[in-house]
Every structure is written in C-alpha cells, then in structure tokens.
Amino acid sequence: MIQDKKIVFSGVQPSGNLTIGNYLGAIKNFSRFSDDYKTFYCVVDLHAITVRQVPAELRRRTYETLALYMACGLDEKKNTLFVQSHVPAHAELGWILDCYTMFGELSRMTQFKDKSAKHSQNINAGLFTYPSLMAADILLYQTDLVPVGIDQKQHLELSRDIAMRFNQIYGDTFTVPEGYISTDTMKIMSLAEPTSKMSKSDPNQNAVVYILDSKDDIIRKFKKAVTDSDSEIRFSEDKPGVSNLITIYGAFTGKSVEEVEREFAGRGYGDFKLAVGEACADGLAPVREEFARLMADKAHLEAVMKSGADEAAYYARKTMSKVRRKIGFVN
Ligand code: ATP
Ligand code: LTN
C-alpha cells in the first residue's frame, strides 16, 4: 500500500456525553479532511480510564462516540474509525515515550493540574502521563495534522517536543505533527460560567448543551444562559456570555460575528437566546436522527470498529518495528 496522502489523526474520550463544544471545536471539523488526507479518528478509551469510569457506561459510551463520529458525517469507508484499546501498539508506544518525556514537562500541563484538583482522591500515574500516551497516538501514524480544540494545544506542543527529541537521539523516526485549531469556534464556553470551558464532565447540567439533548432541553438551556446587565448584542471580551452565544449562533448558521450583531441590533437578549437555541437544535437534528439509527445496529458498529482497528494496526506496525529497531530491542 503506497501512502502519498498526508495523515490526520484525532481522538475523543468516551468519558461522558458529548457536548456542542466537542462538536463545534473538534468533530464537526473532522470530515473536512476525509477527501484529501488519510484520516484516523479514534475513540480514546485508554485515556478515559485516567478518571474512574463505570464499566457498563464506558462500554456504552465507546459505541456512542463511534456512532457520533459517523452521525457527524464521518463515512467509515473514507475514514479509519477505531477504538484505541483495540490497537495495543498505542499502549506499547505510550510506555516507550514515557521514557523520553520529562517529569518537569508533565508537571507543567494545565490539564493535569485542573484534573488533579477535580479528582483529588485519584491522582493516578496515568493522569500524569496522559500526554505521552496522546503523543503515542499521534506519532504512531506518522501524523501530519491534528485537529483539536485550543485546550489541547499544550499537549500537542509536548507531542512535537517528544517527536523531535526522539528524532534527535535516533535519527528520523517520527513525523513532527502540526495542530489544526479552527479559530472561529475553538473554545465554546459554559452557559452558566462563560469564562470557563464547556466541559462534558461539568456537574451543572444547565451549563452544558449535549449533542443528543432534545430540542426543548436545548432551548430551555439557552434561555437560562448567563449574559450580563447590559442589553447590547455585541462580541467583546467584557461580554463573555453574549460573545459565546454569538459564536455558537454563528457556527450553526454560518454567519460572521458582524452579521450576527447586525441581525440582532436593537433586539433584546430574550429574542436572541431563543434564536440561538433554535439554530442549535435545528443544526443538531440530523445528527440526532442519524445517531439513533446507527445505535440501533450494534453489529454494524462492531464491524466498523473491527475493520478500523485492522487498518490502524497495519500502519502502527510499521512505525513500531522502526521504533524497536532504533531503540535496540532484539527482533
Ligand atoms: P472533559 O470535560 O472530560 O475534560 P472534554 O469535553 O474536554 O472532556 P475531550 O474528549 O477531552 O472532551 O475532547 C475532545 C475534543 O473536543 C478535543 O479536541 C477538545 O479540544 C474538544 N473540545 C472539548 N471541549 C471543547 C469546547 N468547550 N470548545 C471547543 N472544543 C472543545
Ligand atoms: N487529549 C485529547 C483526546 C486525545 C487526542 C489524542 C486528541 C487523546 N489522544 C490524539 C488528538 C490526538 C482531548 O481531547 N482531551
């Protein structure tokens, strides 16, 4: 098999119900690469267990995350869709890269600091070395481009540093990946606390809009969204709530910030919030329908996982034999 296309890799954890942050910041962008790149989209279950998971829920969410990839427009024939733990080379290379990643580097990761504060009873070694496993995911496929939300920029830079360090010691082994961070929707904020990221693990259900929420729930949540005491619909740093709603509305309607501001000039927040809720619910309706259809056919999802893992393993094997040889492992 000759591989002349550039390679794209990204992953989403099956650690909760996916939000419009995951959708707009990551998954929705994935399909734009399907034609011109060789694309690998992975359900990263090994990463998910860095936080305690209920086994039955982890299993269900692994199917759901795969089904959502497909419902968001990723055709399994054009993209390699698979589950991380089905390709053991991820864990193998993860261990190897642990030995080329510094304690100090991992200590500086803001996600580690945030998650250790959130899960103070379970600050396990996996949570700490999460970024070297992520580097393994990426480097295993000689990835050129990694589409992610801006919160992953620091992890991506560490992946690049690890790749360069390894290449410097052993000669050219890994492609040094670039991030692809879509600027218009890179960070969707919480509806309740618009200065922090909308996160699928937020315990406040009103702060988060899930891809699979019903239309009524979506509209109700947007009606409750925190704005400010002003009444002007304007994108500005000192208006984080309104700016976040403008971003979301723009993302679902394809309108620019200026167009949205013009459309709602002189109108109240009530009107605006309702319009955002409707645009979001309508935009997600086809995804929801397709998701329900896919989840009704587990056997098909399993066939997709299986052929995705076989394809991924083929590429992973090539990198692993190179890595083993360079390090000095006996063949
Ligand atoms: P958790 O809340 O459990 O930390 P998460 O919601 O950040 O998880 P991940 O599986 O870690 O979800 O992320 C999947 C992808 O979604 C990543 O590329 C991430 O950058 C992106 N993403 C997550 N939340 C947002 C957001 N609020 N805005 C934009 N992109 C996001
Ligand atoms: N850490 C990522 C999920 C992830 C990932 C990856 C993203 C794991 N491995 C490789 C891109 C490439 C997150 O979204 N929190």
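The values are calculated or read from the model by the stated rules, or taken from the named source; none is laboratory data. In this text, all values refer to a predicted model and were calculated from it rather than measured experimentally. Positions of Cβ are backbone-derived with ideal geometry, glycine not excepted, and every protein chain shown enters the neighbour counts.
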Of all the residues that make up the stretch 100-117, how many are under 12 Å from residue 51 (Cα atoms) and in contact (Cβ under 8 Å) with a residue 40 or more places away in the chain? 1
Kindly establish whether residue 52 is without any contact (Cβ under 8 Å) to a residue 60 or more places away in the chain and charged (D, E, K, R). no
Output for the stretch 71-88, where each listed residue is within 15 Å of ligand 2 (Cβ to nearest atom) and surrounded by fewer than 19 Cβ atoms within 10 Å (Cβ to Cβ): 85, 86
Among the candidates 306, 298, which residue alone is loosely packed, with under 12 Cβ neighbours inside 10 Å and within 18 Å of residue 60 (Cα to Cα)? 298
Given the criteria closer than 27 Å to residue 316 by Cβ and touching a residue at least 60 places away in the same chain (Cβ under 8 Å), does residue 148 qualify? yes
Pull out all pairs, ordered by first then second residue, where Cβ-Cβ is under 8 Å, the residues are six or more apart or on different chains, the first lies in the stretch 130-141 and is over 13 Å from residue 161 (Cα atoms) and aliphatic (A, V, I, L, M), and the second is part of a helix (DSSP H, G or I) and within 12 Å of ligand 1 (Cβ to nearest atom). 133/47
Cross-chain or 6+ apart pairs with Cβ under 6 Å, the stretch 17-34 first and in contact (Cβ under 8 Å) with a residue 12 or more places away in the chain, then part of a helix (DSSP H, G or I) and away from ligand 2 (no atom under 13 Å from the Cβ): 18/68; 24/251
Evaluation of residue 54 against (1) within 24 Å of residue 205 (Cβ to Cβ); (2) modelled with pLDDT under 95 (one fails), failing number: (2)
Have a look at 15, 10 and point out the one that is near ligand 2 (Cβ under 10 Å from one of its atoms), of a type in the set (S, T, N, Q), part of a strand (DSSP E or B) and within 24 Å of residue 131 (Cα to Cα). 10
Output the residue which, of all residues in the stretch 253-290 that are of a type in the set (Phe, Trp, Tyr) and surrounded by 20 or more Cβ atoms within 10 Å (Cβ to Cβ), is nearest to residue 61 (Cα to Cα). 272
Scan of the stretch 21-46 for residues that are within 8 Å of ligand 1 (Cβ to nearest atom) and modelled with pLDDT of 95 or more, ordered by number: 44
Of the residues 115, 153, which is out of contact with any helix residue (DSSP H, G or I) (no Cβ under 7 Å at 6 or more places or on another chain) and of a type outside the set (Phe, Trp, Tyr)? 153
The stretch 18-45, residues that are charged (D, E, K, R) and more than 11 Å from ligand 2 (Cβ to nearest atom): 28, 32, 35, 36, 38
